[in-house]
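The values are calculated or read from the model by the stated rules, or taken from the named source; none is laboratory data. Note that the structure is a prediction, hence the values are computed from the model and not measured. Methodologically, a virtual Cβ is constructed for each residue, glycine included, from the backbone with ideal geometry; neighbour enumeration extends over all protein chains shown.
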Amino acid sequence: MFGSFPGGTSRSAAPSGARGSAVRAEPARSGAARALPTVERLLDDLGSTFLAPLGPIPDPHRRIGGVVVFDPFDDQAVPDGAVVLGVGLSGGADLRAVLERIDDVGASAVVLREPVALDDETSALARDRGVALLSLTRGASWAQLSAMVAALLTEPDDDRVHEAIGGLPSGDLFTLANAIAALLDAPITIEDRNSRVLAFSSRQDEADPSRIETVLERQVPERYARLLTEAGVFKQLYSSPDPVYANLTFDGTELKTRCAIAVRAGGEILGSIWAAVPEELNAERTAALRDAAKVVALHLLRLRAGADVGRRLRADLLSTALEGAEGAAFALERLGLDASPVVVLAAAVGTGEGDGIDREGDRQAQAQRMADAVAMHLAAVHPKASAALLGGTIYGLLPVRPGDEGEAQAARLANDFLARIGTRTPVQIGIGRVSSGPQGVMRSRESAERALRVRLEHVGGADARSAATRSAVARFSEVHVEALVLELRDRVRAGGEQMTGPVARLHEHDVEHDTAFVETLRAWLDHLGDVSAAADALHIHPNTFRYRLKRLAGVAEMDLADPEARFAAQLQLRIFPELRARRP
């Protein structure tokens, strides 16, 4: 019924017809768990520009536990207090059916695309269920809304929120934007160096369409950014400590005056504050804007430091949980994953050509970027999922359903991630067994690593010929035997084992007489004794192949009709490195 929304593309589905059921997720834990935002906070931060209530809010202080997409064709775990994105839903019977279904889940809100016409029966049902009905403004995308709700869910913990900078909660840029808007009596945006909108105030409808478009896209549109660049506004902004003004005309339409000031920390430009004003600010408001820029700088620095600290903390907790040693139970509890079945994903990022310090630095940076992308992708599916880069491997910990169904769920998610990132950066993923508890998580990690090794072997080893026909995602349950063969190969290599029996005699004959008996035997075994197919693989005539086969049986002193002899030969062909290399 509900689908994940991993931040990139929206999924629409017909609201009627198919049946589905929702699985209620564990509620947020208290204590070490993050304090979740409320419906009231959601409307305060995103209201007027993105969201509007369709009626009275039954419980403004209800906590938000996640964001999911309504999908009648999907059966997805739904966090307690989820914001349900009603893609393709309208009012009436369809909406009432969804409200009935999500009653057991405990959703906090349902968002519908404007325009929405609600009847009294639907409004009463939502009020009885305690679900807030909200409308998404035209022009805003579901992806934008999903990303914004996800951002609210990843704000600092209670302990840090109580730390105040300039009288406002640390890192709360939306509250800060509203405070600056009140001082200047103008709608405000706070942007980074790349003109991405970090936060915005209310009253954006008082500005012009270009500001509305900027807020909806969370990015200054390229045509407006180019206009500002050509007019020299950015150059003046980043070279002056004072506010600058921009009076521009686009396509014959005069835009509302912009007042902007750079946000600096020492000599570094962190971003800027933009106000849509009817006229130049007076001396008092100009001074207030300068002071506000200093406060914004402190908040941005705290957010940057907090992101690094938070990343390291989650990486440490994830590492402790994966090791299964002392402290693993506490780490799982801190991650909120101690009471649900989970699966471990292990991913490796492909490396490019070249070597040296610069190349290694690029690899590390690419791996960290991919780890962040995996973390965001998993968090969009389940708010308690986590991922981190540990020792060159990206590990993910994902709550899933028990058994094979959970493995299949993780595999679908991994394949969806690979489809989104494309082929520019090759990534291989191994999926472990579904388990629970500290020891179970450790076993899941080990099986994920073994599955990942099988994938890497197919890509970079002697079996690279099959890489194009195999998925980049390997479930351990599907590659268990291949993993065992690789481990047996390791034991042979470590112990200095030598090949024996018929295969050893064939190999010795090939080396001495430049024959191809080992390759002939391999082709015959690989094609289950089909002489025609094996001959085609070696590009020789079937009669020539039969002659070779008769000769090698005599040289090897091997009974080809004996299943034990065939199994022993096939096993040796796979575990001894000198036999695995194919002749050209």
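Within the bounds of the stretch 195-216, is there any residue that is under 33 Å from the mean Cα position of the chain (by Cα), farther than 19 Å from Thr137 by Cα and free of Cβ contacts under 8 Å to residues at least 60 places away in the same chain? Checking the stretch 195-216: at least one residue is under 33 Å from the mean Cα position of the chain (by Cα), farther than 19 Å from Thr137 by Cα and free of Cβ contacts under 8 Å to residues at least 60 places away in the same chain.
Residues that are free of Cβ contacts under 8 Å to residues at least 12 places away in the same chain, polar (S, T, N, Q) and out of contact with any Asp or Glu (no Cβ under 7 Å at 6 or more places or on another chain) do occur in the stretch 418-431, at least one of them.
Number of residues in the stretch 287-303 that are in contact with an Asp or Glu (Cβ under 8 Å, 6 or more places away or on another chain) and closer than 17 Å to Pro187 by Cα equals 1. Under the condition of being more than 24 Å from the chain's Cα centre (by Cα) and polar (S, T, N, Q), which residue from the stretch 109-154 is nearest to His382 (Cα to Cα)? The extreme case among them is Ser135. Filtered by the rule that a residue be touching a helix residue (DSSP H, G or I) at 6+ places or on another chain (Cβ under 7 Å), under 30 Å from Ala283 (Cβ atoms) and without any contact (Cβ under 8 Å) to a residue 12 or more places away in the chain, the stretch 218-244 gives a lone residue, Phe234. The criterion of at least 1 residues that are of a type in the set (Ser, Thr, Tyr), modelled with pLDDT of 90 or more and over 47 Å from the mean Cα position of the chain (by Cα) is met, among helices (runs of 4 or more DSSP H) falling completely within the stretch 508-584, by 531-538, 542-556. Only residues that are touching a Leu at 6+ places or on another chain (Cβ under 7 Å) and either outside any loop (DSSP other than H, G, I, E, B) or outside the structural domain of Pro58 (by TED's automatic domain parsing) (or both) were counted in the stretch 90-122, giving 10.
Of all residues in the stretch 220-235, those being surrounded by 14 or more Cβ atoms within 10 Å (Cβ to Cβ) and either in a helix (DSSP H, G or I) or not assigned by TED's automatic domain parsing to the domain that holds Asn247 (or both) number 6.
When the stretch 113-155 is filtered for residues that are surrounded by fewer than 19 Cβ atoms within 10 Å (Cβ to Cβ) and of a type in the set (Asp, Glu), the ones remaining, listed by number, are Glu114, Asp119, Asp120, Glu121, Asp128.
Evaluating Pro402 against the criteria (1) within 23 Å of Glu323 (Cα to Cα); (2) surrounded by fewer than 20 Cβ atoms within 10 Å (Cβ to Cβ); (3) modelled with pLDDT of 85 or more; (4) out of contact with any strand residue (DSSP E or B) (no Cβ under 7 Å at 6 or more places or on another chain) leaves one unmet condition, (3). Check whether at least one residue in the stretch 470-490 is farther than 24 Å from His458 by Cβ and surrounded by 19 or more Cβ atoms within 10 Å (Cβ to Cβ), and report yes or no. No - not one qualifying residue is present in the stretch 470-490. Filtering the stretch 235-258 to residues that are touching a Lys or Arg at 6+ places or on another chain (Cβ under 9 Å) and closer than 24 Å to Asp185 by Cβ leaves Pro241, Asp242, Pro243, Val244, Tyr245, Ala246, Asn247, Leu248, Leu255, Lys256, Arg258. For first residues located in the stretch 277-298 and at pLDDT 85 or above, partners that are aliphatic (A, V, I, L, M) and in a loop (DSSP other than H, G, I, E, B) and lie 6+ apart or on another chain with Cβ distances below 7 Å form the pairs Val277/Ala186; Leu289/Leu281. The numbered conditions (1) under 30 Å from Ser435 (Cα atoms); (2) in contact with a Phe, Trp or Tyr (Cβ under 6 Å, 6 or more places away or on another chain) are all true for Ala534 except (1).
Can you tell me which residue among Ile575, Ile540 is of a type in the set (Val, Ile, Thr) and touching a helix residue (DSSP H, G or I) at 6+ places or on another chain (Cβ under 7 Å)? Criteria check complete, one pass: Ile575.
Gly430 meets all of the listed conditions (1) outside any strand (DSSP E or B); (2) in contact with a Lys or Arg (Cβ under 7 Å, 6 or more places away or on another chain); (3) modelled with pLDDT of 90 or more but one, namely (1). Residues in the stretch 320-341 that are surrounded by 16 or more Cβ atoms within 10 Å (Cβ to Cβ) and either polar (S, T, N, Q) or outside any helix (DSSP H, G or I) (or both) were compared, and the one that is modelled with the highest pLDDT is Pro341.
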